[in-house]
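Undergrad: Handing you a structure now.
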Amino acid sequence: MSRVYNFGAGPSTLPESVLKKARDELLEWHATGISVMEMGHHSKEFASIAEKVEADLRELLVVPPGYQVLFLPGGGTGQFAAVPLNLGRDNPKFAYLHTGQWSGKAIVEAKRYGEVQVAASTEQQGFTSIPPRADWQFDSDVAYFHYTANETISGVEFQNPPEVGDIPLVADMSSNICSRPIDVSQFGVIYAGAQKNLGPAGIAIVIVRDDLMGHAHPFTPSIFDYKLQANAHSIVNTPPIYSWYMLGLELEWLKEQGGVVAIEKQNIRKAEKIYAVIDNSAFYLNKVDAAVRSRMNIPFHLADDNLEQAFLTKAKENGLVNLAGYRTIGGLRASIYNAMSEEGVDKLVAFMREFERTQG
Ligand SMILES: Cc1ncc(COP(=O)(O)O)c(C=O)c1O
């Protein structure tokens, strides 16, 4: 067996120790005689797994009292609908920042349920910046303000949450949750699919402030109703229990690394190493404003795009895979979530330098 360095944007690399622990527990979990995959979702064994996952997530993100933590099916896309369904019944008017392809998809979905005010959009500039706060335009009586904390495709990341006063702030953190500390009390809702920073696909995390629950549209599907799910400990139906368990293993791993404060330092170092190669060369290009460059997803181009295929082929020969850009955008992209080791980044950096030396 030889594992390679996987720079895929999601599903993405998992820590090897997490995979090994899952392997060791695959046939039998904690002397129960059965695998987690075979457990009843209402069993006391699964309840103990779920309780630990929630406690670890609360600890890692320092979730204050007054917030529910939900584990839901449907990924980030499910939440594009769940947010307006839960928050928009009494006031179907929402503000969205359009800073990339994912916020664009969230906007399209929200339009099914109410009036969407696009406070600002960088679509015309190719999603390479975040417009200054003074230029955003939206009514002060919207039900919530939505933004995408990290745009996975174009590589634009907010370094701080937007200031929107008392309006409930909703953040899609699918591609940067737990990669840096956050102050949860600034948010009304935080959601994230697990498959980038926190485990395999199949489960989404929703952190929701208590007062924002209990006002869902009557036609909200039960599995997306925050209040119903909170009352049922996120088990309104049979949940993806194995993904939930794997998420737990990854949270344990993150705690062993020193938590989000320690991982943030590593994430800063890893991203700086790759941006340094790009910035110190005319061979590689990244067009994102330096102040809002993502630490998680680094899209880049070659000055000569004809060399891109050769880059991908040679990278693969060197054990560096999934470096192609988003399928509809092209170019190249290195996704370096929490679980990508610094060693993997060092190998990529060395490869990029060597490729430039030989092909540039
Ligand atoms: C920022 C962001 N939001 C939402 C999604 C959609 O997530 P899912 O595929 O879990 O529905 C993605 C997927 O890559 C994403 O990167």
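Undergrad: Scan region 3-31 residue by residue and report those that are open to solvent by 80 Å² or more (accessible area, probe 1.4 Å), under 29 Å from Ala324 (Cα atoms) and not in a helix (DSSP H, G or I).
TA: Of everything in region 3-31, those that are open to solvent by 80 Å² or more (accessible area, probe 1.4 Å), under 29 Å from Ala324 (Cα atoms) and not in a helix (DSSP H, G or I) turn out to be Arg3, Pro11.
Undergrad: Now, a different point. Say whether the condition of being open to solvent by less than 20 Å² (accessible area, probe 1.4 Å), in a loop (DSSP other than H, G, I, E, B), modelled with pLDDT under 95 and in contact with a Leu (Cβ under 6 Å, 6 or more places away or on another chain) is met by at least one residue in region 338-351.
TA: Scanning region 338-351 turns up no residue that is open to solvent by less than 20 Å² (accessible area, probe 1.4 Å), in a loop (DSSP other than H, G, I, E, B), modelled with pLDDT under 95 and in contact with a Leu (Cβ under 6 Å, 6 or more places away or on another chain).
Undergrad: Please find, within region 101-154, the residue that is farthest from Val288 (Cα to Cα) out of those that are part of a strand (DSSP E or B), open to solvent by less than 20 Å² (accessible area, probe 1.4 Å) and more than 16 Å from the ligand (Cβ to nearest atom).
TA: Here the residue is Tyr144.
Undergrad: While we're here: Looking at region 155-182 only, could you name the residues that are closer than 20 Å to Leu212 by Cβ and either free of Cβ contacts under 8 Å to residues at least 12 places away in the same chain or buried (at least 24 other Cβ atoms within 10 Å of the Cβ) (or both)?
TA: Matches in region 155-182: Asp166, Val170, Ala171, Asp172, Met173, Ser174, Ile177.
Undergrad: Out of all the residues in region 71-86, is one or more within 15 Å of the ligand (Cβ to nearest atom), surrounded by 16 or more Cβ atoms within 10 Å (Cβ to Cβ) and assigned to a strand (DSSP E or B)?
TA: Yes: region 71-86 contains one or more residues that are within 15 Å of the ligand (Cβ to nearest atom), surrounded by 16 or more Cβ atoms within 10 Å (Cβ to Cβ) and assigned to a strand (DSSP E or B).
Undergrad: Would you confirm, using the coordinates I've provided, whether Gln229 is polar (S, T, N, Q) and surrounded by fewer than 20 Cβ atoms within 10 Å (Cβ to Cβ)?
TA: no
Undergrad: Now for a different question. Just checking, does region 202-209 include any residue being open to solvent by 20 Å² or more (accessible area, probe 1.4 Å), over 28 Å from Pro65 (Cβ atoms) and in contact (Cβ under 8 Å) with a residue 12 or more places away in the chain?
TA: At the first step, the residues of region 202-209 found to be open to solvent by 20 Å² or more (accessible area, probe 1.4 Å) are 202, 209.
Checking which are over 28 Å from Pro65 (Cβ atoms) leaves us with 202.
Within this subset, residues satisfying the condition of being in contact (Cβ under 8 Å) with a residue 12 or more places away in the chain are 202.
Checking region 202-209: at least one residue is open to solvent by 20 Å² or more (accessible area, probe 1.4 Å), over 28 Å from Pro65 (Cβ atoms) and in contact (Cβ under 8 Å) with a residue 12 or more places away in the chain.
Undergrad: Looking at the structure I just gave you, is Tyr284 in contact (Cβ under 8 Å) with a residue 60 or more places away in the chain and closer than 21 Å to Thr152 by Cα?
TA: Yes, satisfied.
Undergrad: Next question, about the same structure. Does any residue of region 321-329 turn out to be modelled with pLDDT of 95 or more and in a helix (DSSP H, G or I)?
TA: No; the residues of region 321-329 include none that is modelled with pLDDT of 95 or more and in a helix (DSSP H, G or I).
Undergrad: Before we move on, is Ile167 in contact with a helix residue (DSSP H, G or I) (Cβ under 8 Å, 6 or more places away or on another chain) and either β-branched (Val, Ile, Thr) or within 16 Å of the ligand (Cβ to nearest atom) (or both)?
TA: no
Undergrad: Kindly provide the set of residues from region 183-195 that are within 16 Å of the ligand (Cβ to nearest atom), open to solvent by less than 20 Å² (accessible area, probe 1.4 Å) and in a loop (DSSP other than H, G, I, E, B), ordered by number.
TA: Within region 183-195, Phe187, Ala194 meet the criteria.
Undergrad: Let me ask something else about it. Looking at the structure I just gave you, is Lys287 charged (D, E, K, R) and more than 21 Å from the chain's Cα centre (by Cα)?
TA: Numbers: charged (D, E, K, R): yes; more than 21 Å from the chain's Cα centre (by Cα): yes.
Yes: the conditions hold for Lys287.
Undergrad: Now for a separate question. So which residues in region 32-49 are within 23 Å of Val69 (Cα to Cα) and open to solvent by less than 20 Å² (accessible area, probe 1.4 Å)? Step through it out loud before you land on a result.
TA: Filtering region 32-49 for residues within 23 Å of Val69 (Cα to Cα) gives 36-37, 39-49.
Matches in region 32-49: Val36, Met39, Phe46, Ile49.
Undergrad: What number of residues within region 227-243 are part of a helix (DSSP H, G or I) and in contact with a His (Cβ under 9 Å, 6 or more places away or on another chain)?
TA: Looking only at that region, the number is 2.
The values are calculated or read from the model by the stated rules, or taken from the named source; none is laboratory data. Treat the numbers as computed from the prediction; the structure is a model and nothing was measured. We place every Cβ from the backbone using ideal geometry, glycine too, and count neighbours over all the protein chains shown. We work out accessible area using only protein heavy atoms, side chains counted, and drop any ligands, DNA or RNA first. Shrake-Rupley method; radii C 1.70, N 1.55, O 1.52, S 1.80 Å.
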